[in-house]
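One structure is given here, and the rest of the page talks about it.
The values are calculated or read from the model by the stated rules, or taken from the named source; none is laboratory data. These numbers come from a predicted model, not from an experiment. Reconstructed Cβ throughout: ideal geometry from the backbone, glycine too, with neighbour counts over all protein chains shown. These accessible areas exclude ligands, DNA and RNA; they are computed on the full protein's heavy atoms, side chains included. Shrake-Rupley method; radii C 1.70, N 1.55, O 1.52, S 1.80 Å.
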Amino acid sequence: MERRLFYQYCLLLIAVSLVLAGCGGNNKAASTNEATNAPTEAANSGTSAEGEIKVGILHSQSGTMAISEVSVIDAELMAIEEINAAGGVLGKKIVPVLEDGASDWPTFAEKARKLISEDKVATVFGGWTSASRKAMKPVFEELNGLLWYPVQYEGLEASPNIFYTGATTNQQIVPSVSWLLENRGKKFYLLGSDYVFPRTANLIIKEQLKAEGGDLVGEEYTPLGHTDYSTIISKIKEAKPDVVYNTLNGDSNVAFFKQLKDAGITAQDMTTLSVSVAEEEIRGIGVDVLEGHLAAWNYYQTTDTPANKTFVENYKKKYGDDRVTADPIEAGYTAVYLWAAAVEKAGSTDVAKVKEAAKELEWDAPGGKVKIDGETQHIYKTVRIGEVQADGQFKELWNSGEAVMPDPYLKGYDWAASIQPTE
Amino acid sequence: MQLKPFTTQRIWILIGYAAAAAALFSAPLFVSDFRLNLLAKFLAFAIVALGLDLIWGYTGILSLGHGIFFGLGAYAMAMYLKLEASGGRPPDFMGWSGLKELPLFWKPFEYFGFAVAMGIIIPALLALVLGYFTFRNRIRGVYFTILTQAIVIITTTLLIGQQAYTGGTNGVTGYSTLLGFPLASPDTKRVLYWVTVAALIGIFVFCRFVIGSRFGKVLRAIRDGENRIRFIGYNPAVYQMVIFTISAGIAGIAGMLFVLHVGIISPSMLGIVPSIEMVLWVAIGGRGTLIGAALGAILMNWAKSEFSTAYPEGWLFFMGLLFVVVVVFMPKGVAGLVSQLKVRKKRREPKNEGVRNPAV
């Protein structure tokens, strides 16, 4: 009797897990299109079949970073689909292999290793946080893989095995500080989450303020996920800065901007400029609190280029009208096209040949014309400062006119000498 | 450790262990470099699980802070590797954090022997101090567990905040060589794998010895009735402190091996979630049995790796399902399954082995 019960449980269990497995498969197909079902099969067959080129997509699909990174995956899959629809690269179809970095840095390293050595992918598009990139970097260098990293970051890095399609500091932070000094005032208050990007960014900003005649009136860091800003807001009130330079990340932005509004400080009273608040974050934080505040990026959904018009249209058509595009999404999309163009030019997916072909490669990205800098493997990008409008979109207040040459080590700035690595 | 007579069952168990050890040692012949690297990582986790089982399964102390001990060991090794990679100069992250000189406490980590010693001593010492202030004051059960969580938060906040000295959230990564041998070469990896297997077996035997000794009996007595043992004339605090320290040292060793295989350590790996995960491995594998704890760590991590590859979007549901299945159908974990089935067969009362009085 008892044993029969046990077997019944087991049967029930198997049934439940089968149903779940089915659901898992369906979800995947529904959310990221049919192309994603292929990779597991392709991965099992070992080397890529004739007429196919496997590429890895390695972002967080679970954990705290998933909310940001999933949109980048969508953009990359869309680019792959578009390229495939236009005949693929070298006449072959691109097959994406998806892996979950799970917002966990060693997992990123493990999955990167798996993609290169087990799946033998031609290249990997992935990463968001600096920590995930730093974790993957030694793996790509060791196995001579190729990584395309799509997010703005703190610079001071140029790996021979990574292409950086997001902005480095001289394409986002440095020009925005100069612009603020000219247009909004000299007194700066630096507020950031406590991790590597804000700390390094602020180190650079402090040097720049010294050199360009700005004043630092305060500097604060809060742990990631911190939500109580009343103390900091009173400090800000006391310090009376002209500008709050905001490098907060994630949920903290919601709390900070809400409490800032509750404290009666509006964008008219004091300028804030954020470097981690894009269209997607505006949706999360709420337009009413953010209206009038500034951000510095290289791309907005409203950026007026012919390429962007089709990009936004296609993205919305594919993923829904309520979705928005943003800087990292555009950078992920751009990365796929740049890689495909380099492969086409090289006539091969061999890493060394692709790198060689990628040098000085140009492409009309949604955010404007981009060009790969052969030396640093970063890309030339146009800097744009935008103001949040009532519809949750940005109005561009200023742009750099032409694409700015990437300078990850800030070699072109005398005041940055103390930040550059000693080696 | 008293010698037990060699019954047939015991001989079979010994043969089983020998076969498992032989399989582990010969694994490089059968699996790819990537799989071997994964396996090595799982074995490092199995070592932490052994240490955790000593205190949780056998002494009834639930620590949700073993991530720190693991992490401190890992950081000690990482500091050595980082200095070797930078040739004794300040590592890259110090540069971009505005530090030009190598801090004093980093300097001795240039020496491999010092780093290894510190990888065991620092976690053990921290555990001893923590144990001294808690066990002596008869803080136990949930209160102790909450304290360990607090220590986790303090340590991770400190590591993140002191970016110039610790690498902040990025942690320490980007190594090149170990004692002059390139870490990237398959040969080095194979040797490191064997070192890990040897460490796992060595620590397993050591734990068996500890449990089998009179000391181990007192530990179990503390678990099952702390007040009684006090009335008999033992001071449980001393035993708890010692075993907690040993357990922390074992976690430190595991951490050092982890860094060698994975090539990165960051504060997120010694946070609350990893600390709880470690306890879950022991729970799933079967606490109160060493082999269960080790198997639990290996199985859980293997499942995580496989599920996340097969279903990058839904793998967490499968892990959740696995937890539910084990908790509902195997209260004694995977290792308890054998005895559980036997009991069903014989329809007798469960034997009084394993955990009788759950501590928490």
Report summary line: Here P(r) for region B:279-345, Cα-Cα distances in 10 Å bins, as whole percents, is 24, 47, 25, 5, 0
Query raised in the report: In region B:31-347, what percent of the accessible surface is made up of carbon and sulfur (1.4 Å probe, ligands and nucleic acids excluded)?
Result: 72 percent
Requested in this report: Take the alpha carbon atoms of region B:1-58, find their center, do the same for region A:201-255, and report the distance between the two centers in whole angstrom.
Outcome: 52 Å
Requested in this report: May I ask you to list the chymotrypsin sites (Phe, Trp or Tyr not before Pro) in region B:49-124 that are in a DSSP loop and have at most 14 other Cβ atoms within 10 Å of their Cβ?
Outcome: B:111
Query raised in the report: Among all helices in chain B defined by DSSP H, which have a length of 24 Å or more along the axis from Cα atoms plus a Kyte-Doolittle mean of at least 1.0?
Result: B:8-30, B:33-56, B:112-135, B:141-161, B:186-212, B:236-262
**Report entry** Kyte-Doolittle mean at least 0.0 and Cα axial length at least 27 Å: DSSP H helices in chain A
**Finding:** A:2-32, A:66-85, A:327-346
Requested in this report: Quick one: work out Rg over Rh on the C-alpha atoms of region A:85-215, Rh as Kirkwood radius.
Outcome: 1.10
Query - Sequence ranges A:186-195, B:295-304, B:45-54, ranked by mean other-Cβ count within 10 angstrom, highest first - result: B:45-54, A:186-195, B:295-304
Requested in this report: Grab the Cα-Cα distance for residue A:344 and residue A:418, subtract it from 0.36 nm times how many residues apart they are, and report the gain in nm with one decimal.
Outcome: 22.5 nm
Report summary line: The answer for the per residue Cα convex hull volume of chain B, in Å³, is 155 Å³
Report task. Would you mind counting up the charge near residue A:58? Only other residues with Cβ under 15 Å from its Cβ, with Lys and Arg at +1 and Asp and Glu at -1. Result -> -2
Query raised in the report: What whole-number value in Å² describes the accessible area per residue of the protein assembly as shown for a 1.4 Å probe?
Result: 41 Å²
Report summary line: Which of B:116, B:197, B:205 fluctuates most in a GNM of chain B (C-alpha springs under 10 Å)? That residue is B:205
Query - log₁₀ of I(q)/I(0) at q = 0.19, 0.22 Å⁻¹ - region A:273-388, Debye sum with one point per alpha carbon - result: -1.01, -1.19
**Report entry** Accessible area that becomes buried as B packs against A, both chains, 1.4 Å probe, Å², nearest 100
**Finding:** 4100 Å²
Query raised in the report: What part of the accessible area of region A:299-423, given as a whole %, is carbon or sulfur when the probe is 1.4 angstrom?
Result: 48 percent
Report task. Would you list the P(r) distribution for chain A, with all Cα-Cα distances sorted into 20 Å bins from 0 and each bin expressed as a whole %? Result -> 26, 55, 17, 2, 0
Query raised in the report: On average, how much area does the Cα convex hull of the protein assembly as shown cover when viewed from any direction, in nm²?
Result: 35.5 nm²
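Strictly greater than 27 Å: what percent of every Cα pair in region B:77-234 meets that?
For region B:77-234, the fraction of Cα-Cα distances above 27 Å is 46 percent.
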Query raised in the report: Using θ = phi - 60° and the Karplus curve 6.51 cos²θ - 1.76 cosθ + 1.60, what whole-Hz ³J(HN,Hα) does each residue of region A:272-285 get, with Gly and Pro shown as x?
Result: 10, 10, 10, 10, 10, 10, 10, 3, 5, 5, 4, 4, x, 7
Report summary line: Normalised per residue, the volume inside the convex hull of the alpha-carbon atoms of region B:1-70 in Å³ amounts to 127 Å³
Query raised in the report: For chain A, what relative contact order do you get, as a whole percent, if you take Cα pairs closer than 8 Å and at least 6 residues apart?
Result: 15 percent
Report summary line: Taking a ≥ b ≥ c as the square roots of the eigenvalues of the Cα gyration tensor, with a/c under 1.5 meaning rounded and otherwise prolate when a/b exceeds b/c and oblate if not, region A:175-303 is rounded
Report task. Considering only B:337, B:72, B:43, give the residue with the highest GNM mean-square fluctuation for chain B, with springs between Cα atoms whenever their separation is below 10 Å. Result -> B:337
Query - Sparse-neighbour loop sites [GluC sites (Glu not before Pro); region B:49-110; at most 14 other C-beta within 10 Å; DSSP] - result: B:101
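Per-residue mean of other chain beta-carbon atoms within 10 angstrom of the beta-carbon, peptide A:100-108? Walk me through the numbers on the way to the answer.
Details: counts 9, 2, 5, 1, 5, 11, 14, 4, 1.
Per residue, the number of nearby Cβ atoms from other chains is 6 on average.
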Requested in this report: With label points built 7 Å along Cα→Cβ from the Cα atoms of residue B:235 and residue A:262, find their separation and express it in nm.
Outcome: 5.2 nm
Query raised in the report: How high is the relative contact order of region B:31-347, given as a whole-number percent (alpha carbon pairs under 8 Å, six or more residues apart)?
Result: 35 percent
**Report entry** Semi-axis lengths, Å, region A:337-379, gyration tensor of Cα atoms, sqrt of 5 times eigenvalues
**Finding:** 18, 12, 6
Report summary line: Shielding of B:261-269 by other chains, given as the mean Cβ count within 10 Å, works out to 6
Report task. Mind jotting down the distance between the C-alpha centroids of region B:134-196 and region A:282-335, whole Å? Result -> 39 Å
Query raised in the report: Averaged across the residues of B:84-91, what count of C-beta atoms belonging to other chains lies within 10 Å of each residue's C-beta?
Result: 1
Report summary line: One computes Rg over Rh for region A:332-423 from alpha-carbon atoms, with the Kirkwood Rh, and obtains 1.07
Query - Bridge type composition, the protein assembly as shown - antiparallel percent by DSSP, nearest 5 - result: 40 percent
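Set the Förster distance to 30 Å, then compute FRET efficiency between residue B:10 and residue B:188 from the Cβ-Cβ distance, nearest 0.05.
So the FRET efficiency works out to roughly 0.20.
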Report summary line: region B:282-322 and region B:68-104 have their Cα centres apart by a whole-number Å value of 32 Å
Report summary line: Most packed first (mean Cβ within 10 Å per residue), the peptides A:342-354, A:240-252 order as A:240-252, A:342-354
Query raised in the report: Quick one: if the Förster radius is 30 Å, what FRET efficiency do residue A:314 and residue A:224 give, using the C-beta to C-beta distance and rounding to 0.05?
Result: 0.35
Query raised in the report: Ranked highest first by average number of other Cβ atoms within 10 Å, how do A:200-208, B:153-161 line up?
Result: A:200-208, B:153-161
